[in-house]
Amino acid sequence: MIRLTGIARTFLVGGEEVHALRTVDLEIAHGEYLSIMGPSGSGKSTLLNIIGLLDRPDAGSYELDRKNVTALSDDELARVRREKIGFVFQFFHLVPRLTAVQNIELPMILAGIDPAERKPRLARLLAEYGLEERAGHRPDQLSGGQCQRVAIARAMSMGPTVILADEPTGNLDRHTGQEVLSVLERVHQNGGTLVIVTHDPEIGARATRRLRMLDGAVVGDDSG
Amino acid sequence: MRLADLLNFAWQVLRGSVSRTLLILLAMGIGVAAVVMVTALGEGARLYVASQFGALGTNLIIVLPGRSETSGAMPGVLIGKTPRSLTLEDALALKRSHAIRRFAPLIIGAGDVRTGARSRETPVLGSTSELMDIRSMELAQGVFLPPGDPRHSQPVCVIGSKVASELFGSRPALGEWVRIGDRRFRVIGILAPQGQSLGFNTNEIVIVPLAAAQALFNTESLFRILIEAKSREQIVAAQADVEEIVRLRHEGERDITVITQDAVLATFDRILRALTLTVASIAAISLAVAGILIMNVMLIAVTQRRREIGLLKALGATGAQIRLAFFTEAMLLALGGAAAGLVVGELGRSIAVQLFPAIPFQAPWWALVAAPATAMLTAVLFTLAPARRAARLDPVQALSRR
């Protein structure tokens, strides 16, 4: 469960203060499927980065699974990120020199998980995301949809509480995008929390709870 | 992160950019190889000099007439220096010392050695039978000067191998007569070819009994007295004895110079060691250059791999893990470069040995340890800044750019 209280984030751009987020209050329950929509510059990516502990708010407090994570050190944040959060990016962000299976393995390697334990988990992930035949391929030998499936498998490898996806279909054609989205939605169907940032209303509409943002503030929160 | 995973991750990076990896290995390798080869050359020269001194004879003490010091004291008072010559009687008096095993007085001059129509100008040494043992000479044929009272002499001589071949060609020289100045000597021995030793080419000398040389060159004074101490520990005692005995004989004046082989050897040893260290540290500069190359490449890598570093952070990598990944990469490069350098250095050493078999080229153990260690140290030192930069990278910014 995620609880944001009075979160604000200001950037300095060319000596001028830009309020990316102005006092955002948000509660996301466990197992929710949330989409964040809004025009570019509305602060939706900043919000996602703060939820994902990649960025720190200038004000406000953040509780993740009933634990205040606002004051944690960088290393502690890295640990929480590793265990509870899975990221899916618009540009996949796969390491180009590593094969699909090595990319999926990365979070487990960073967590120091025993290779004997990694093996069955990898096999399960490859099977779950239909990547068994592409396991030994490098990203440049994979299609966009396959790349994003590798990225989703990687995000799921540590069994996170929440999956954060930033424009996950933004770099894919319509058909592949739909396919990737349905793969992502399996997270929600399996009881996980899924947050998707998008500016595509059609994709945003598929979520069970839809957030609208404008100028760094939440202007619409629509569930049902 | 496990060590095996860390190594594997760094290995993947290195394998991913082959030419970059090879270039750094080359730079590191050259640095290490240079240090190894240069120290091998220096150490070889040092061992060569030591062995040459050893070939002179062991526990050697050399006595020279005259004393090298500044004379003349107060202005207006002239104190002349009258170097007393060193005589055979001085030498014979040395028998009193218990620290001395044997000694050989030495007179040197240039003589015209003739047989039949052939003639050759060679250095002529006048000495006694002890010379052979003191200077570890070897005979090819015949015998050395006969022992006996050095005040009397027989008309015999021992000639160097080159003198023999020049004067007699392929004819046997043993038992033949040669004429030196206005005296005749029978050849009783021929020296084995030994080459240079402390200023003389033993292949080109003629050795005659001391008394004969005294008559030949019309002199009583000795050129040197060569002394062999009973043991290495006795060298100091022998030196003191020599100085004391000769001082008493010379009415209390210290007018000789006593050189011990140890002192000369120690001086050469120090000089050559210092030289080796100096050139080795110059070679080590190339290691520093290799280190700077590593830093440069790592800084480029931090820029090139921004997205990857950002991603690793998003996946939960701590700053320490990112730093460690960079250090592992640098260490692998340094290790590989050091290994390649050691191999190349060893190769260069064996080539040098092939070219100059007389010189025992051998890199000292400290160089074999110090060169790779320096490579490793520079690699780590020069990776500090890039690794820090990578660890501090803001993941949001690193990921946002395409």
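The values are calculated or read from the model by the stated rules, or taken from the named source; none is laboratory data. Please read all numbers here as calculations on a predicted model, not as lab measurements. Quick reminder, even Gly has a Cβ in these numbers, built from the backbone with ideal geometry, and neighbours come from all protein chains shown.
Could you please let me know if A:ILE104 is within 9 Å of chain B (Cβ to nearest Cβ) and under 29 Å from B:ARG15 (Cα atoms)?
No: the conditions fail for A:ILE104.
Take the residues of the range A:44-95 that are closer than 19 Å to A:GLY112 by Cβ and of a type in the set (Asp, Glu): which is farthest from the other protein chains (Cβ to nearest Cβ)?
Restricting to residues being closer than 19 Å to A:GLY112 by Cβ and of a type in the set (Asp, Glu), the top hit is A:GLU76.
Among the residues of the range B:326-345, is there at least one that is more than 14 Å from chain A (Cβ to nearest Cβ) and in a loop (DSSP other than H, G, I, E, B)?
Within the range B:326-345, not a single residue is more than 14 Å from chain A (Cβ to nearest Cβ) and in a loop (DSSP other than H, G, I, E, B).
Which members of the range B:333-358 meet the condition of being over 21 Å from B:ARG20 (Cβ atoms) and either buried (at least 18 other Cβ atoms within 10 Å of the Cβ) or aromatic (Phe, Trp, Tyr) (or both)?
Correct list: B:LEU342, B:GLY345, B:GLY348, B:ARG349, B:PHE356.
Return the pairs, sorted by first residue and then second, in which the second residue is basic (Lys, Arg) and in a loop (DSSP other than H, G, I, E, B), the first residue lies in the range B:1-13 and is more than 11 Å from B:GLN321 (Cα to Cα) and assigned by TED's automatic domain parsing to the domain that holds B:GLU308, the beta carbons are less than 8 Å apart, and the residues are 6+ apart or on different chains.
What qualifies is B:GLN12/A:ARG97; B:VAL13/A:ARG97.
Which number in (1) surrounded by fewer than 19 Cβ atoms within 10 Å (Cβ to Cβ); (2) closer than 21 Å to B:ALA338 by Cα; (3) within 29 Å of the chain's Cα centre (by Cα); (4) hydrophobic (A, V, I, L, M, F, W, C) marks the one condition that B:VAL32 misses?
The number of the failed condition is (1).
Hey, could you check the range B:371-402 for residues that are more than 14 Å from every other protein chain (Cβ to nearest Cβ) and out of contact with any helix residue (DSSP H, G or I) (no Cβ under 7 Å at 6 or more places or on another chain) and say which is farthest from B:ARG305 (Cα to Cα)?
Taking the candidates together, the pick is B:ALA373.
Do you know which of the residues in the range A:196-224 that are out of contact with any Lys or Arg (no Cβ under 8 Å at 6 or more places or on another chain) and polar (S, T, N, Q) is surrounded by the fewest Cβ atoms within 10 Å (Cβ to Cβ)?
If we take residues in the range A:196-224 being out of contact with any Lys or Arg (no Cβ under 8 Å at 6 or more places or on another chain) and polar (S, T, N, Q), then A:THR208 is surrounded by the fewest Cβ atoms within 10 Å (Cβ to Cβ).
Give just the number: which of (1) under 37 Å from the mean Cα position of the chain (by Cα); (2) among the aliphatic types (A, V, I, L, M); (3) buried (at least 18 other Cβ atoms within 10 Å of the Cβ) does B:VAL156 not satisfy?
Among (1) under 37 Å from the mean Cα position of the chain (by Cα); (2) among the aliphatic types (A, V, I, L, M); (3) buried (at least 18 other Cβ atoms within 10 Å of the Cβ), the lone unmet condition for B:VAL156 is (1).
Determine whether A:GLU117 is within 12 Å of chain B (Cβ to nearest Cβ), among the acidic types (Asp, Glu), touching a residue at least 24 places away in the same chain (Cβ under 8 Å) and farther than 26 Å from A:ASP200 by Cα.
no
From the list B:ARG96, B:ARG67, B:ARG118, which residue is in contact with a Pro (Cβ under 9 Å, 6 or more places away or on another chain) and at pLDDT below 90?
B:ARG67
Got a number for residues in the range A:136-151 being more than 18 Å from B:GLU308 (Cβ to Cβ) and within 13 Å of chain B (Cβ to nearest Cβ)?
0
Taking the condition touching a helix residue (DSSP H, G or I) at 6+ places or on another chain (Cβ under 7 Å), more than 9 Å from chain B (Cβ to nearest Cβ), not charged (D, E, K, R) and not in a helix (DSSP H, G or I), does A:ALA20 pass?
So A:ALA20 fits the description; yes.
As an exercise: evaluate B:LEU299 against (1) at pLDDT below 85; (2) touching a Lys or Arg at 6+ places or on another chain (Cβ under 8 Å) and give the number of the one condition it does not meet.
Evaluating B:LEU299 over (1) at pLDDT below 85; (2) touching a Lys or Arg at 6+ places or on another chain (Cβ under 8 Å) leaves (1) as the failure.
Take the residues in the range B:283-332 that are in contact with a Ser or Thr (Cβ under 6 Å, 6 or more places away or on another chain) and under 30 Å from A:PHE91 (Cα atoms), then tell me which one is surrounded by the fewest Cβ atoms within 10 Å (Cβ to Cβ).
B:PHE327
Which of the following residues is of a type outside the set (Phe, Trp, Tyr) and within 14 Å of chain A (Cβ to nearest Cβ): B:LEU22, B:LEU6?
B:LEU6
Which strands (runs of 3 or more DSSP E) does the range A:154-219 wholly contain that include 1 or more residues that are among the β-branched types (Val, Ile, Thr)?
Per the criteria, A:162-166, A:193-197.
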